[in-house]
Each structure stands twice: as structure tokens, then as C-alpha cells.
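Below you'll find the structure, written out as C-alpha cells, and then a few comments.
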């Protein structure tokens, strides 16, 4: 029997570095990156429907229901398994669209994981990750359930142990199109490949401030609010890792927990009300999909 209402967390991520190391014949870019989970994200609520339909209860003017990754994930699960259960998806959206924090991919992963259990389908993690890749390159990471080094288009994952970290996130008042950044002619596409040993501290932990985000220069040149966020964070966090996440627009800086609120207030005052500055912490494991 399906429980009447269920709430599941879909956390954000940051890319600690993001290198574009090549391009496949089909046009997809080959990447190397480190994904780190955050303790901030969206909340999804699932309510059963007796008519077998998958519907989104929450209205978003800029994302049609049929394009929503949660709806697509639920329908893909139905089609793959022959499941006749329906569901109404309520999405408490906190993560910005076009922010580079993986919100849509995380929502899709949580949907696959939750409905696999609520519908009693019994698919394995590996099977869910294969379905997730059909929805987006970042979806398998969120289904893995832990921080990871990613290669390929983002689907070849190696779990990593990362230090607990406090981040100051700056969310500029702009949504960045991932295809626009990747299609840019000035994008670096030949960064040398690295191995985990290159950024390990020797005790299995990640070396802070390693590498760069190859997408950052392109996004900053096209979107002035991204450039401004980077400038302000670098001013207030000298010598710390300051970087754009994903294809933007979100920018993060590593900050000591004892100084986080002071730096946040300074950045918020300097950037103004159009920007959002938020203190977040890293997670070692996904609170939903790390379960068995």
C-alpha cells in the first residue's frame, strides 16, 4: 500500500573544479569534476493518484509540466517498469533555475529514488543511475548518494571523502543557459586530464583550490552579475577558493564557520538586494539516496 503523502529532500551540489578535457563525436563535452553535496535544497512531496497519471501540482511559469525533470523522471520509471501507479508531485523549490547547483538533476534523482520505493518497483541503484543518465548527466551523481570525482559526460563516478566545509554561496540575479556556455567558441576544451592522486592530500582528502572551472571565464564575460559576484567574494575571501559552480550563475567561496556570517553580511551589503548570499555546509552523504 502506498503511503498517502511523502516528503523527500533534493540537495544542491557545487563543482569544486570543472575541467573540459575534450569533445565526443556527438558533440557532448568530456569533463572532469568533483561534485560536493550541500545541506540546502528542494523538498519534494509525492501523493498517489488512482488514475495512473503523473502530474505536477506546483506551477512554474518558465518550466512547462512536460519539460519538468521530476515529471519526466516519474514517467520514465512508469514506462520502464510498466507501473500503473500515478502520482502528484508537489515541489517546494528553493534552488534557483540556471544556478549551476544541480537543482533539476537533484529533483529528478530524488523522484526516481522515492517512487522506486513508494511504488515497490525494486530497481537497483545501478538501474536507477542508468535511467537517470537518460534525463541528464548530473542525475547519476545524486543517485550515487555521496561526493564524487566524475568523468566522461559526468556519469563515470568515483566516490570521494571530502572535508566538511562551510561555503558562502552568492546567487546573482540571472539564470545562465548551460547550452549557451558550452556552445561558446572561446570555451577551453583541451584541459589536460587529471587523476585522483593529483588533487589528493595523501590521506584520501581533497586538496582545496585545485584546478579551475573552465566554464567560469565564458559565463563571467557574458553575464555581468556573475563577474560581479566573483569579484566581491574574492575581495572578502582573499587566498580562499572562490569559484563558479557548474555553468553558473551561482558562485561560492570557502569560509571559516566562525567568520561566515560576518563575510556574508559584508557581501550582501556590497552586492545589494538583487543578490542572495547564503551560508551552506557540505554533506558527506545524500540524506535520501545514500540509503539501501
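Cα centroids of region 267-292 and region 40-70: how far apart, whole angstrom?
Rounded to whole Å, the Cα centres lie 23 Å apart.
Roughly how many nanometres apart are two label points built 7 Å out from the Cα toward the Cβ at residue 55 and residue 161?
Going from the residue 55 label point to the residue 161 one covers 4.9 nm.
What's the center-to-center distance, using Cα atoms, between region 78-92 and region 159-213 in Å?
Centre-to-centre (Cα) distance: 34 Å.
Roughly speaking, what is the stretch gain from residue 134 to residue 175, that is 0.36 nm per residue apart minus the C-alpha to C-alpha distance, in nm to one decimal?
Extra length available between residue 134 and residue 175 comes to 12.4 nm.
What's the Kirkwood radius of region 6-159 in Å, using all Cα pairs?
15.8
Restricting to DSSP H runs of at least four residues, report the calculated mean residue ellipticity at 222 nm for the chain, -39500 (n - 2.57) per run over all residues, nearest 500 deg cm²/dmol.
The per-residue figure over the chain is -8500 deg cm²/dmol.
Connecting C-alpha atoms closer than 10 Å in a GNM of the chain, tell me which of 135, 168, 123 has the biggest fluctuation.
It is 123.
Using only alpha-carbon positions, what ratio does the radius of gyration of region 166-281 give when scaled by 2.2 N^0.38 Å?
The value comes to 1.12.
Give the Rg/Rh ratio for region 95-248, taking Rg as the radius of gyration of the Cα atoms and Rh as the Kirkwood radius, to two decimals.
Reported Rg/Rh, Kirkwood definition of Rh: 0.98.
Taking the chain as a Gaussian network, where each spring joins two C-alpha atoms under 10 Å apart, which residue of 149, 223, 167 fluctuates the most?
Comparing 149, 223, 167 in a Gaussian network model of the chain, the most mobile one is 223.
Points 7 angstrom from Cα along the Cβ direction at residue 187 and residue 222: gap in nanometres?
Reported label-point gap for residue 187 and residue 222 is 0.8 nm.
Using the 2.2 N^0.38 Å rule of thumb for compact globular proteins, work out how region 87-147 stacks up: its C-alpha Rg over that value, please.
1.11
Could you please tell me the mean projected area of the C-alpha convex hull for the chain, averaged over all directions and given in square nanometres to one decimal?
Computed as one quarter of the Cα hull surface, the answer is 15.6 nm².
Only the coordinates and a few stated rules stand behind these numbers; no lab work does. Quick caveat, the model's predicted, so the values are computed rather than measured. Don't worry about glycine lacking a Cβ; one is built from the backbone with ideal geometry, like all the others, and counts go over all protein chains shown.
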